[in-house]
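Written below as structure tokens is the structure these notes are about.
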Amino acid sequence: EIYTLSLHDALPILYSIYLCYYIRLENEYRRKELNNQLTESLISLINNSFKAEKKETIIQKNIKDYNEDNEEKDNNLSSKIKNRTLKNFINENRILYFSDFLSLEEDYLIDKIELKKGIGKNDLLKENVFLLFVAVSTNIPLIIVGKPGTGKSMSSQLIYNSMRGKYSKNKFFRQFPQIVLTYFQGSESTKPEDIEKLFEIAENKLDFYKNKEEFKNEKIPISMILFDELGLAEKSESNPLKALHSKLEYDGNKEGVSFIGISNYSLDAAKVNR
């Protein structure tokens, strides 16, 4: 019996590995090493899964099934990505590198965002925008750590400006709920009660839209907390970020509030691991 790995199965697994492990590697050499190891595993899986003359038929069927299913749901999805990803299995008889799958998605998403003149589509910006989009849409807490000037705040602003629900400029983003923002800037004087109040405000905003008549048949907006200068708040003597622990756990996130933290400094593992 021949096992078939469809695009439905493969891509979510790849992106989960990317979000949970690959993206957290700061060292470029370690990323390259993991990229090569994951690519070898994927090649091995494909070669073992699709045998000889049946290989092309099975993969082509997967492409057809995938495209037909998704075209019904959304005609705006990129057929270029769907096709390029698996056509390489057939036409070149090889699999793309693990990182190539990610680049395809990042390029697709950044092209849907309106950038002001002078903003370049560099790898760092594409990476940040893609991570923010996935995290916000799925209520997965995200903390971005980087030096000043690496586009952390700008990426957050781009996502916020693009995700306006049915009022979004690009029709791709009209498929997704709008973002309702709650902004907070941390400092060395931040207190634990400030954190509690922050989440309370975000949850109240969400409840407000849930009860609005106009949203009875619409997607409920995403209540997003943007916590700037998270690293400064961690330096506070009152240890305010300890209040974040329960909020960033899966059960603590059940209210549907998305949390985005931005920091110039590395945070302790207790927060990052959540």
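The table below lists the values:
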item: Accessible surface of the range 87-246, 1.4 Å probe, proportion on carbon and sulfur as whole %; result: 48 percent
item: Of Lys32/Lys247; Lys112/Lys235; Lys169/Lys216; Lys126/Lys166; Lys32/Lys235; Lys117/Lys166, pairs whose Cα-Cα distance is over 29 Å; result: Lys32/Lys247; Lys112/Lys235; Lys32/Lys235
item: Overall Cα dimensions of the range 188-274 - principal axes, largest extent first, Å; result: 45, 24, 21
item: Stokes-Einstein D for the range 101-184, Kirkwood Rh over Cα pairs, 20 °C, 1.002 mPa s (µm²/s); result: 162 µm²/s
item: Accessible-area ranking of Thr138, Thr182, Thr150, largest first, probe 1.4 Å; result: Thr138, Thr150, Thr182
item: Lys191 versus Ser137: modelled label distance in nm, points set 7 Å from Cα along the beta carbon direction; result: 4.0 nm
item: For the range 125-274: accessible area per residue (Å², 1.4 Å); result: 50 Å²
item: Per-peptide average of other Cβ atoms within 10 Å, ordering 140-148, 155-163 highest first; result: 155-163, 140-148
item: log10 of Debye I(q)/I(0), alpha-carbon scatterers only, for the range 144-207 at 0.18, 0.23, 0.29 Å⁻¹; result: -0.87, -1.04, -1.12
item: In Å², nearest 10: area of Phe133 left accessible to a 1.4 Å probe; result: 20 Å²
item: Ordering of 16-24, 240-248 by burial proxy (mean other Cβ atoms within 10 Å per residue, highest first); result: 240-248, 16-24
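The values are calculated or read from the model by the stated rules, or taken from the named source; none is laboratory data. Nothing here was measured: the structure is a model prediction, and the numbers come from that model. Because the Cβ atoms are built from the backbone with ideal geometry, glycine has one as well, and the counts that use them run over all protein chains shown. With ligands, DNA and RNA removed, areas are computed over all heavy atoms of the protein, side chains included. Shrake-Rupley method; radii C 1.70, N 1.55, O 1.52, S 1.80 Å.
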